[in-house]
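Before any comments, here is the structure.
The values are calculated or read from the model by the stated rules, or taken from the named source; none is laboratory data. For clarity, every value in this text was computed on a predicted model and none was experimentally measured. All Cβ positions, glycine included, derive from the backbone under ideal geometry; neighbour counts span all protein chains shown.
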Ligand SMILES: Cc1cc2nc3c(=O)[nH]c(=O)nc-3n(C[C@H](O)[C@H](O)[C@H](O)COP(=O)(O)OP(=O)(O)OC[C@H]3O[C@@H](n4cnc5c(N)ncnc54)[C@H](O)[C@@H]3O)c2cc1C
C-alpha cells in the first residue's frame, strides 16, 4: 500500500518469505470470536471483541485482495460455523453472537433443521451453530508469496536472508543494522515496522521498547484429498477445533492444539528450533474432529506439522505506534493471517500521516502498563 502511494519500502526478512507462521498456518479467515476468546467466559469474550473493527475490515479486504493486488490468491468466503453440542455451549454461542452483532458482524444462530440444510456433513451431536456468512479460508502456502510479488510490482524492495541486528534512532531517523552473507550494513529510514511474529518482543528490545507477546507452538494435520465435503470453516464452542477443506480437496484439521516449544537451558524459548509434536494433541484434535465429522474416520491423514505464533494476554492484537519511539510501529498477535490486510491498512495510514479509520487505542503495546 505504501509503495503504491509512491513511498520507498524495504522488507528485510532473515529467512525466506512465508517460511514461518505466515506459510504454515491453517488459513482460516476468522471473523467470529474464536474458542480461545470465549473459553474464559463472557467478559473475556467482550474484551476480545474490541478487535472486531479490524476483523470487519479484514473481511472486506480479503474479498478484494486478489483484485487489489492483481495476483491469483485463493480466497473463499463461503461461511463459517461455530458449533455447539450441548445447552451450555448453545448459551455461550448465543451470548457471543449478541456481542459480535453489537459490533456489526453478520452472524446468527441456526438450529439443527438449518444445519441439516446447509451442513448435513456434521454429526447429529451438533445441535446448533453460529453462522457467519463472510468467514472462510485462504491458502497460506500461496497468499504470502502472492502479496510479496504484488509489493515488488508496486516498487517495494525485498531483501531475504538478511537479519536486523540493531535498531537505533538518531538525527530524527531510524538506523537499522542488517547482516547477510554479503556482510553488515546500516540502512536509514523515516519509519520502521516490526512485524516479526514470535521474534517481535526481541526486536522491540533492540530499541528498548516493551512489546509483550506470548509465544505459542501449535500443530496442524491434513488429510489426503477427498471430493467436496465441507464448504464451511468449522469451529467448536466447547473446545479447540477448526476444520476446513482446501480447494484441492485436502481437509485441514487444527484449532489451537499445542506443540512443545523448545527452550534453552535458561528457560527462554528457542524459536530457531522446531517445536515438538505432541501425541496427546494429535489424538485429541483427531478425536474431536471425528466426533463432529464422523466421515473423517475413513479419510487417511497425510501429514502433521508444527509452527509458532504469538498471542497476548487479552487476546487482542498488538498493532500501532510503539510508545516513545517516533516513527516506529508494530503489528503482531492473534490471528494475524486473517488480520494481516487490516494491519497493513492501518499501518500504511499511520506512516502516511493519516488517521486510520479504526481506533487503535485498545491495541497499543503499553495498554497493560496503563491498566
Ligand atoms: C499452526 C498455526 C496455525 C495458525 N492458524 C491460523 C489461522 O487459521 N488463521 C489466522 O488468522 N492465523 C493463524 N495462525 C496465526 C498466524 O499464522 C500468524 O499470526 C501470522 O502468520 C503472523 O505473521 P507474521 O508475519 O507476524 O509472522 P511470521 O510469519 O512468523 O513472520 C515473521 C518473520 O520475521 C522474520 N524475522 C524475525 N526476526 C528477524 C530479524 N531480526 N530480522 C529480519 N527478519 C526477522 C522471520 O524470519 C519471519 O519470517 C496460525 C499460526 C500457527 C503457527
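Points worth noting:
- Taking residues in region 346-369 that are surrounded by fewer than 17 Cβ atoms within 10 Å (Cβ to Cβ), and partners anywhere that are in a helix (DSSP H, G or I) and at pLDDT below 95, the pairs with Cβ atoms closer than 8 Å and at least 6 places apart or on different chains are 361/367.
- Any hit, region 77-87, residues being over 27 Å from residue 218 (Cα atoms) and in a helix (DSSP H, G or I): yes
- Residues of region 317-339 classified as surrounded by 22 or more Cβ atoms within 10 Å (Cβ to Cβ) and in a loop (DSSP other than H, G, I, E, B), total: 5
- Any hit, region 174-183, residues being within 15 Å of the ligand (Cβ to nearest atom), more than 22 Å from residue 365 (Cα to Cα), part of a strand (DSSP E or B) and within 24 Å of the chain's Cα centre (by Cα): no
- Options 318, 277, 282; residue that is in contact (Cβ under 8 Å) with a residue 40 or more places away in the chain and in contact with a helix residue (DSSP H, G or I) (Cβ under 8 Å, 6 or more places away or on another chain): 318
- Residue check, residue 63 within 11 Å of the ligand (Cβ to nearest atom) and either farther than 22 Å from residue 239 by Cα or not in a helix (DSSP H, G or I) (or both): no
- Restricting the search to helices (runs of 4 or more DSSP H) fully inside region 9-49 and requiring at least 3 residues that are surrounded by fewer than 22 Cβ atoms within 10 Å (Cβ to Cβ) gives 21-24, 42-48.
- Test set (1) buried (at least 18 other Cβ atoms within 10 Å of the Cβ); (2) within 27 Å of residue 41 (Cβ to Cβ); (3) in contact with a strand residue (DSSP E or B) (Cβ under 9 Å, 6 or more places away or on another chain) - residue 239 fails condition number: (3)
- Taken as a whole, the structure places residue 101 among residues that are at pLDDT 95 or above, part of a helix (DSSP H, G or I) and surrounded by fewer than 20 Cβ atoms within 10 Å (Cβ to Cβ).
- Residue 188 vs. criteria within 27 Å of residue 298 (Cβ to Cβ) and either assigned by the TED database to the domain that holds residue 25 or not in a strand (DSSP E or B) (or both): no
- For first residues located in region 1-25 and near the ligand (Cβ under 6 Å from one of its atoms), partners that are modelled with pLDDT of 95 or more and part of a loop (DSSP other than H, G, I, E, B) and lie 6+ apart or on another chain with Cβ distances below 6 Å form the pairs 13/160.
- The residues listed here are 229, 282, 203, 211; of these, the one that is within 14 Å of the ligand (Cβ to nearest atom), surrounded by fewer than 18 Cβ atoms within 10 Å (Cβ to Cβ), on the phi < 0 side of the Ramachandran plot and not in a strand (DSSP E or B) is 282.
- Residues located in region 334-361, provided they are near the ligand (Cβ under 8 Å from one of its atoms) and more than 15 Å from residue 194 (Cα to Cα): 334, 335, 337, 338, 339
- Test for residue 269: is it more than 16 Å from the ligand (Cβ to nearest atom) and under 22 Å from the mean Cα position of the chain (by Cα): no
- Candidate set from region 123-158 (those that are within 16 Å of the ligand (Cβ to nearest atom) and in a loop (DSSP other than H, G, I, E, B)); member that is surrounded by the most Cβ atoms within 10 Å (Cβ to Cβ): 135
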